[in-house]
Each structure stands twice: as C-alpha cells, then as structure tokens.
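Everything below concerns the one structure shown next.
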C-alpha cells in the first residue's frame, strides 16, 4: 500500500492559492482514477479536481472553505504500490498550467518528483508584463496572493515592510497575520511622529526617492460599523465578490480614471457587418459590435502608448503589450478574462477570441 498526495493545483500562471469549495468524497470512500474528488475555487475559475489514482481516500487535510497556497497537500489517497507509481501523469493532467516549483504527486516510495528548473520565472502572483524597474513593494506584491494583498490593504500595510517566509521571499497569509498582531502590540508612536492628537506633518519620503507611507500622516484607517436592521440579512462576501472589490480598489489606486463621452455614428459599421455577414458565417464566426469597439481600442492603445500605462510606486510603467480585459457577467458576479496581444489580431480573430473567452468564463473553464 502507498499514500498518494493530492496537492492544491495551480489553475493558471497567476494563480497563487485556491479554496476547497466542496469535498465530493469523504474519508473511507473508494475513488477511481480521474474521478472528481473535490471542487476548488480560485481567482479566475471554479473546477472539479480528479483523483490522481484509484484507491481509498484516507485523510482530508484541508477542510471545505479553507484557502491554501498552490502545492499544499489537501488530501491523501491510499492505493496499491503499482497504481501509485502511475499516479503522477493524472495529477499533471489536473494541473494544466502548473508553475515551476509546485510539488508533484508522490511516488510509491513517497518521494516527490523534482521540480522544473524555471522556478524564478514563474513565481506565484505573476501579473504579466511587470517591468524590471518596479519598486520593491511592487515586486513583493507580485509574489503575494490576492488574499494577502487584501489583508495588507485593510490594515494599511505595505508589503515591503513584511518579511516573507514563502518561496523566493513571498509574503504568505501567516506572515501578514503575524505582522498585524505584532503591530497591535507595538508601543504607541511618540508625539511629533504622526501619532493621533499631534499636529499633522508632511509625509516623509524614504531615501532613494522610494514610496512614502501615509500611515504616520493619517493614522490607521478605521472602517465604520454599519447599522443592521431587524429585517436585514448579513452574509459573508463570496470569494469572487471579495476579489472584485479588491481589484476595483487596486485599479483606482494605480490607474487614473477619466470619463469621456463621445457620440459615434455606427452606420458604416452596420454596412460592413451586412456586407460581410455571409462570409463570416461561412467561417463560423459572428462579428459583434463589441469586436469593432475592441479593435478600435487596441489600435488606439498601440498608437498612443502613454495611455497604456500604470503607476508603480514613483515610476510609470508603459506596457509593451496591448492586452484587453473583457467583462463577462456571471450569475454570482463578474469576471474579466484577458485578450492578450489584441492589437495583433484581425477583426475576425479578435471576435473569435472574445466569444471563446466569454463562453469559457460562463462555463467555468478558464485557465
């Protein structure tokens, strides 16, 4: 007999953690190879995860509702030695885009398969296209999970202040929670250093022109309690709702938001659609108004790179690629899959990509 590890899979390059939503099997149940054993939820997708081998589920390590990092062992299946030796390929199939350094399923002797050699290039939390000139805080943010970033934002903590214990210095959930507790028991700030009750002082910049901290200037932000009526219903935010809220706040902080309104005459586009509709149908694609808008936006961003930029500390990052987010409404929230290198696609190609992403998003098949 041998025990086979079931790790939390990485369902995409930028996925750093996952939540066990439902266990489809309980301890003692027999499972077949490739039979769904649990459902997980990540930032981008919900998915059923199959068992890597046939056997008996003997231990559940991570309970429903718990969030753990990619690669963390969530359960064990006990199986025959011969079956365990062939379990690894099935586990790999359950992790279509595993990052380097993720633990693989154990062999019959209990040893782990060596990790791929590209660990540095696939650190968890990759945000795709970050420039080498990013500040230390931005690089650390890239190594932290959305949950860690949310906790840091709630407590007005810059991740550059926290010593990470994860791989390559990544700040983990336990790191940020320990830092929060440490700050609670820290001695109060002396008068004149921005403590409450003292006169406001201008924020002090760090040496080398780095980011300054607003904590000492404004004090810790207090979130007001909301009054709850007798007929009100209170329920915790779902993972998707929490991520939407966090990403909206992050977007406001790093990118200027300007509302511009223009009237556009779409009569020529209607003519183009009518003229080419039959040809497009023969090609198996429906070119919608959205595709025309996306094509115009992609071309405008390529021609005006100053718009395709983000703030990183005291730097401005001008993106080398034109990647468009396409909002897709779901019953339980909103998801924004990305069309990468949109400016390199033709109108038909862009329409195909948008329809494909929207369909997979609604079917929870994004990777």
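The values are calculated or read from the model by the stated rules, or taken from the named source; none is laboratory data. Since we're looking at a predicted model, the values are computed, not measured. Positions of Cβ are backbone-derived with ideal geometry, glycine not excepted, and every protein chain shown enters the neighbour counts.
The table below lists the values:
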read-out: Unique residue being touching a helix residue (DSSP H, G or I) at 6+ places or on another chain (Cβ under 7 Å) and at pLDDT below 90 when the list is 312, 351; value: 312
read-out: Qualifying positions in region 321-335 - within 22 Å of residue 305 (Cβ to Cβ), part of a loop (DSSP other than H, G, I, E, B) and in contact with a strand residue (DSSP E or B) (Cβ under 8 Å, 6 or more places away or on another chain); value: 323, 326
read-out: Complete set of residues in region 23-34 that are surrounded by fewer than 20 Cβ atoms within 10 Å (Cβ to Cβ) and farther than 12 Å from residue 74 by Cα; value: 24, 25, 26, 27, 28, 29, 30, 32, 33, 34
read-out: Only one of 297, 272, 287 that is closer than 23 Å to residue 344 by Cα, at pLDDT 85 or above and outside any helix (DSSP H, G or I); value: 287
read-out: Qualifying residue in region 143-152 (condition: modelled with pLDDT under 75, surrounded by fewer than 17 Cβ atoms within 10 Å (Cβ to Cβ) and under 28 Å from residue 318 (Cβ atoms)); value: no
read-out: Complete set of residues in region 1-58 that are touching a residue at least 60 places away in the same chain (Cβ under 8 Å) and over 24 Å from the mean Cα position of the chain (by Cα); value: 1, 2, 3, 4, 5
read-out: Options 242, 310: the member that is under 20 Å from the mean Cα position of the chain (by Cα), surrounded by 12 or more Cβ atoms within 10 Å (Cβ to Cβ) and not assigned by TED's automatic domain parsing to the domain that holds residue 350; value: 242
